[in-house]
Amino acid sequence: MENILELQQVSKTFPKSDFTLDNVSFSLPYGAVLGFVGENGAGKTTTIGCILNTVMRDSGTVRLFGREMQDEDTDMREKIGVVYDGNNFPVYWTAQQLSKVMRGLYKNWDNALFGEYLKMFRLPAKQKIRHYSRGMTMKLAIAAALSHHPQLLILDEATGGLDPIMRDDMLDVFLDFVQEEDHSVLLSSHITSDLEKIADYICLIHEGKIMMTASRNDLVYNYAVMRCRESQFSALDPADIIAYRKRDFQIDVLVSDSRAMQRKYRDSVVDHVSVDEIMLLLVKGERV
């Protein structure tokens, strides 16, 4: 399947902060949602900056819609809807004023669609943004991102300020968006339960490095944690161990094929695993 977004060996070093984005590579197919997960400071926002050319990468390539985007490629930017974590618009504007500005920026700006989203999200059009709650400002940013008919949505912690009910509603909006086969979503989030609901693929970044990229189905149906005693752990084939973590009288072992492990190690307990637990084991666990 052709990819709407491809990153190959993307690197960026910030000498003052001693942070390096280290050879980041992943791809997002058309018609899919990729959940980009990692703790605060892991490199998610820097990676998004490299994709959008707001952060100048040191090396590597980023391809959008099959080609690299240059600063003058306004036609490509028209196809991308972006929502950042934080204030996306001047707080002294109203949603009505925002609409007028956006109409001048985007050829495909759809004022009627924007109005529909304002009603759906219960956002007052004439109220200044500074009087919105954090959740309301995020909903406004999502409405604006969707209202110029993009093909690719890039969302940086866009569900973080929403209550659980509105988050669930917003995830449905994203799922509706990717029903179009040429639409895709890159959703950066630390709320892994959201990603488990809608992501087709999950990419984990830690300290600027990609730790794992896998399909959600692979994580749900194949990845597992073996709960081992010390004697059981010492008998494991090192090739079967992705990462492990010692806990009191037990050792948790991350494996990638639960059925094979159940057949091979009949005395061990093999449990299905959440994205949170996979992340903890990969970040805090040890390698053989």
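Laid out as a table, the results:
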| quantity | calculated |
| --- | --- |
| Mean ellipticity per residue at 222 nm, deg cm²/dmol - from DSSP H runs of n ≥ 4 across the chain, formula -39500 (n - 2.57) | -9500 deg cm²/dmol |
| For region 1-107: lysine pairs under 20 Å (alpha-carbon distance), excluding those fewer than 8 apart on one chain | 4 |
| Candidates per trypsin sites (Lys or Arg not before Pro) in region 99-185, loop by DSSP, up to 12 other Cβ within 10 Å | LYS107, ARG122, LYS126 |
| Cut-off 14 Å (backbone N to label point 7 Å along Cα→Cβ of LEU113), residues of region 177-200 | 177-184 |
| Order by protection proxy (mean Cβ within 10 Å, highest first), peptides 6-13, 199-206 | 199-206, 6-13 |
| Three-way shape label, region 223-284, alpha-carbon gyration tensor, a/c 1.5 | oblate |
| Charge dipole of the chain about the Cα centre (unit charges at C-beta), most positive-ward option of MET136, PHE114, PRO238 | MET136 |
| Those trypsin sites (Lys or Arg not before Pro) in region 259-288 that DSSP places in a loop and that have at most 11 other beta carbons within 10 Å | ARG266, ARG287 |
| The chain shape via C-alpha gyration tensor axes, a/c threshold 1.5 | prolate |
| Karplus 3J(HN,Hα) series, Hz, for region 181-190 with 6.51 cos²θ - 1.76 cosθ + 1.60 (x for Gly, Pro) | 5, 9, 10, 8, 10, 9, 10, 7, 7, 9 |
| Assigned charges on the beta-carbon of Lys, Arg, Asp, Glu; the chain dipole about Cα centre (debye) | 740 debye |
| Positive minus negative residues near ASP169 (Lys, Arg vs Asp, Glu; Cβ under 15 Å) | -1 |
| The chain: antiparallel DSSP beta bridges as a percent of all, rounded to 5 | 65 percent |
| Charge context of VAL275, other residues only, Cβ under 9 angstrom, K/R +1, D/E -1 | -2 |
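Values quoted throughout were computed directly from the atomic coordinates according to the rules given, and no laboratory measurement underlies them. Note that the structure is a prediction, hence the values are computed from the model and not measured. Neighbour counts run over all protein chains shown; Cβ positions are idealised from the backbone, glycine included.
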